[in-house]
Amino acid sequence: MAHIVVEIVSYSDKRLIVRIEQKDMVGNILLTKKELMEGAREMFKGEIPDD
């Protein structure tokens, strides 16, 4: 399991901006940008309205 850091950069109305960083690799494999984005969206699902 990778260590992922999620930092909330800003939040207003219906917009949430986060910074995501993978601190280590899973089985020597880095997650792709798309995988990190999907993980963050899943993490905040239901917390803010979908567009």
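Of (1) 26, 13, 8; (2) 27, 18, 13; (3) 24, 11, 8, which one was derived for semi-axes √(5λ) of the Cα gyration tensor in Å from the structure shown?
After the calculation, the listed value that fits is (3).
In degrees, nearest 10, range 0 to 90: what is the angle between the Cα axis of helix 33-43 and the longest Cα principal axis of the chain?
Once rounded, the angle reads 50 degrees.
Compute the distance in nm between two label points, each set 7 Å from the Cα along the Cα-to-Cβ direction, one at E21 and one at K45.
With each label point 7 Å from Cα toward Cβ, the separation is 2.7 nm.
Rounded to the nearest 500, what is the chain's calculated 222 nm mean residue ellipticity when only DSSP H runs of at least 4 contribute -39500 (n - 2.57) each, over all residues?
After summing the helix terms and dividing by residue count, I get -6500 deg cm²/dmol.
Only Lys, Arg, Asp and Glu count, each charged at its Cβ (+1, +1, -1, -1), so figure out the dipole size of the chain about its Cα centre, rounded to 20 debye.
Computed about the Cα centre, the dipole is about 100 debye.
Quick note: the coordinates plus some simple rules give every number you see, no bench work behind them. Treat the numbers as computed from the prediction; the structure is a model and nothing was measured. Using ideal geometry, Cβ is built from the backbone for each residue, glycine included, and neighbour counts are taken over all protein chains shown.
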